1. Can you give the extra length, in nm with one decimal, that the chain gains between His162 and Asn239 once fully stretched, where that is 0.36 nm per residue apart less the Cα-Cα distance?
2. Below 8 Å, C-alpha to C-alpha, sequence gap of six or more: please give me the relative contact order for the range 124-284 in percent.
3. So what is the relative contact order of the range 129-206, in percent, for Cα pairs below 8 Å that sit 6 or more residues apart?
4. What is the extension gain from Glu199 to Thr264, computed as 0.36 nm multiplied by their sequence separation minus the C-alpha to C-alpha distance, in nm to one decimal?
5. Return the long-range amide H neighbours of Thr134 (sequence gap of 5 or more, or a different chain), with a cut-off of under 5 Å between placed amide H atoms.
6. How do 213-222, 275-284 rank on mean C-beta neighbours within 10 Å, highest first?
7. Name the residue from Ala215, Leu198, Pro178 whose Cα lies farthest towards the positive end of the charge dipole of the range 176-223, charges +1 on Cβ of Lys and Arg and -1 on Cβ of Asp and Glu.
8. At what distance in nm do the modelled label points of Phe218 and Thr252 sit from each other, each positioned 7 Å from its Cα along Cα→Cβ?
Amino acid sequence: MTTVDLPPVCPRLLETLSMIRRPALFTAALTASALALTSCGSADEDADTVASTPDQSSTETESPSTSTGAGPTAEGDDDDGDEAVTEEEPEVEDETETPDPSPSEGQASPTEDESNGDEPSGDISSSLDPEEFTLNGVTQEAEQGSDITDLGELVDVRVGVHDQYERLVIEFTGSGAPNSFSTEFTDDPMIRMTEEPLEIPGDSALYLRISNLYAGAFEDSPAGDDRLALEEQPVVLENSSIFTEVHYGGRTEALGEFYIGIDTERPVRVEALDDPSRIVFDVSTP
């Protein structure tokens, strides 16, 4: 066998070759090194060859790092995309959650009765049937076997001006509809017990007798400060063109008497209402 003497291997070359991990690259580098040693015999040329080898290996080994770094960059792009979607979602939610109240939601227009202190129109018949109006007065008696409604104390007198009629309301502290009363026109209003005449504006007056009022002393009234003390001062109906004043006519035990001044005798409709106890006078206007 023929022995071939190879030139001494440069230590830098061995160090460089040991840094190359891939077999294919190692073989190629070894072949290139052998050719370089064969063609060039000087140590300086070998050193130059070894010096150029690390540059190639470092370039090749940096490639995986570059590809690895692309991974986080891609993930970062995905995150940015998610954040963009997340930023848009609140805008969509805000649009869907934006309240769109009805202009009328939440809005209660006052009725004509509420604006002038009268009763709601649903409490009594709104029709002006001529047959319901009379000049002859009205008498209401409790049905046989029924108790007379406990009316309590007088607490309010008010008037409402409506289209084609005016309404006077006399309100008590009770809850049931009055079921024992009478009304009639009179030209001679007076306090019955003393026969003391009453000066009431107007050409006529409606006389109201009503049963089962509070019969105790005024100072002991369960209505307290809410009681309307007509015996001390009448109620002046300034907003009405028909009704003038309401006066106290006296009380005999639980029977109370009242006078309602009116410009002249007119057909009147009288109704009894409950919750609270009320007497309502409607007078048609020209």
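Every number in this text was worked out from the coordinates using simple rules, so none of it is lab data. Bear in mind the structure is a predicted one, so any value in this text is a computation, not a measurement. No Cβ is skipped: glycine too gets one built from the backbone with ideal geometry, and neighbour counts run over all protein chains shown.
1. Length gained, His162 through Asn239: 26.6 nm.
2. Contact order relative to length: 31 percent.
3. Relative contact order of the range 129-206: 30 percent.
4. Extending this stretch completely gives an extra 21.9 nm.
5. Amide H to amide H, under 5 Å and 5 or more residues apart or across chains, Thr134 pairs with Val268, Arg269.
6. Working: 213-222: 12.7, 275-284: 19.6.
Sorting 213-222, 275-284 by mean packing, highest first, produces 275-284, 213-222.
7. Looking along the dipole axis, the top candidate is Pro178.
8. 2.0
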